[in-house]
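Student: The structure follows.
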Amino acid sequence: MLAVTSIKLRPELQPRAKDCAALRERARLERDSADHVAAFRQRLENDSSQQLEPIIVAELRDGSRAIVDGHHRWKGYELARRDTVPAKVLTVSIKDAVMVSKLVNLTGAKLRLTSEQQREAAWQYLAAITQRGLFGPELSLRKLGSLLGVSYNTVRTMLGKMEYVRTDSAGWSPSATDPGTGWPRWQHVKGNAWRSQLEEIPIDKRRQLKVERCAVAMYRELEKLDAEEQQMLAMMIRHQQNSTDPDELRRAAALDGIVDALTDSGGTDWLDQSDSDPDGDF
């Protein structure tokens with residue numbers, strides 16, 4: 001048993017990074033987390049002899065203690081005004097504690113990680129066991145995928161990205177890296193490299209990328225239409241040119257030109273130069 005107040009929280013030992021989750025999921029994550037803590041608190045308050053599963057604590061080389069696994073349980077003890085909490089203590093470096101926290105939450109978490117958090121923890125763990133891609137993993141890709149809770153293809157894609165990230169790691173801003181490992185987060189690595197290499201992207205570059213992404217999306221939509229439907233679309237756009245609204249006229253003229261360009265028999269080789277799936281996931 002350890003005194004509740006003797007244990008510290010360190011952000012690098014928390015694999016449930018909220019910024020790894022999609023914006024639409026963050027409110028749900030906060031609610032689920034609060035409910036999880038409330039359930040633990042209720043159990044402890046209802047029965048003074050009740051004890052929860054021991055948390056895992058790292059006793060670091062500087063003498064401090066930090067939670068590796070069991071943040072919600074620890075919070076439940078704190079809110080229930082318990083003085084002590086059952087704990088398993090590991091004497092490890094902060095680097096090893098970070099990896100243990102990720103592996104434990106990947107394989108045995110009571111409150112499941114989101115798919116984004118799962119991939120992030122897997123990416124960081126793979127980087128650690130391969131020394132950031134310098135050495136191949138000892139386990140097969142399928143066994144690794146099963147262990148880490150991600151697909152075979154995800155493991156293969158992640159390993160394929162390692163060399164690029166390793167040779168360009170100096171260009172990643174602190175906000176784009178894991179606080180425990182200093183290694184870029186998967187959400188920034190998985191797509192276009194520009195998305196997280198620099199803290200600030202020049203406005204002209206942002207506009208160019210925004211336009212490219214829009215063009216790719218439009219082309220994909222046009223591919224779903226046959227020739228007759230594309231002609232119907234062009235007629236609908238040209239009909240808008242009869243509007244008296246200057247903004248509507250401007251948009252209609254621009255769309256008319258874009259549709260002509262995208263449906264022109266001259267080809268769309270420029271598409272091959274852009275990311276085939278700017279927002280894709282692996």
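Any read-out appearing in this document is the output of simple, stated calculations on the displayed coordinates, not a laboratory observation. Everything quoted here is computed from the prediction, not taken from an experiment. So basically every Cβ, Gly included, is an ideal-geometry build from the backbone, and we count neighbours across all protein chains shown.
Student: Give a residue-ordered list of calculated ³J(HN,Hα) values for the range 119-130 (Karplus: 6.51 cos²θ - 1.76 cosθ + 1.60, θ = phi - 60°; whole Hz; x for Gly, Pro).
Tutor: 5, 4, 5, 5, 4, 5, 5, 4, 4, 5, 6, 9
Student: Sort 114-124, 51-61 by packing, meaning the average of other beta carbons within 10 Å per residue, with the highest value first. Provide the component values of the computation, followed by the final result.
Tutor: On the way: 114-124: 23.3, 51-61: 17.5.
The most tightly packed comes first, giving 114-124, 51-61.
Student: Please find the FRET efficiency linking Q230 to R156, where r is the Cβ-Cβ separation and R0 is fixed at 51 Å, and quote it to the nearest 0.05. Write out the running numbers ahead of the final one.
Tutor: Numbers: r = 38 Å, r/R0 = 0.74.
That pair, Q230 with R156, gives E of 0.85.
Student: Going by amide H atoms built from the backbone, whose H comes under 5 Å of the H on T177, apart from near neighbours?
Tutor: Close amide H contacts, sequence-distant or interchain: R185.
Student: Please arrange T181, T91 by counting, for each residue, the other beta carbons lying within 10 Å of its beta carbon, fewest first. Show your work: numbers first, answer last.
Tutor: On the way: T181 19, T91 10.
Arranged by neighbour count, lowest to highest, T181, T91 become T91, T181.
Student: Which far-off residues, 5 or more places away or on another chain, put their amide H under 5 Å from the one on K88, with H placed in the peptide plane?
Tutor: I55, I56, V57
Student: Grab the Cα-Cα distance for S173 and L9, subtract it from 0.36 nm times how many residues apart they are, and report the gain in nm with one decimal.
Tutor: Working: separation 164, 0.36 × 164 = 59.04 nm, distance 2.38 nm.
Extending this stretch completely gives an extra 56.7 nm.
Student: A further question on this structure: Zone of V104 (label point 7 Å along Cα→Cβ, backbone N under 20 Å): which residues in the range 136-150?
Tutor: 147-149
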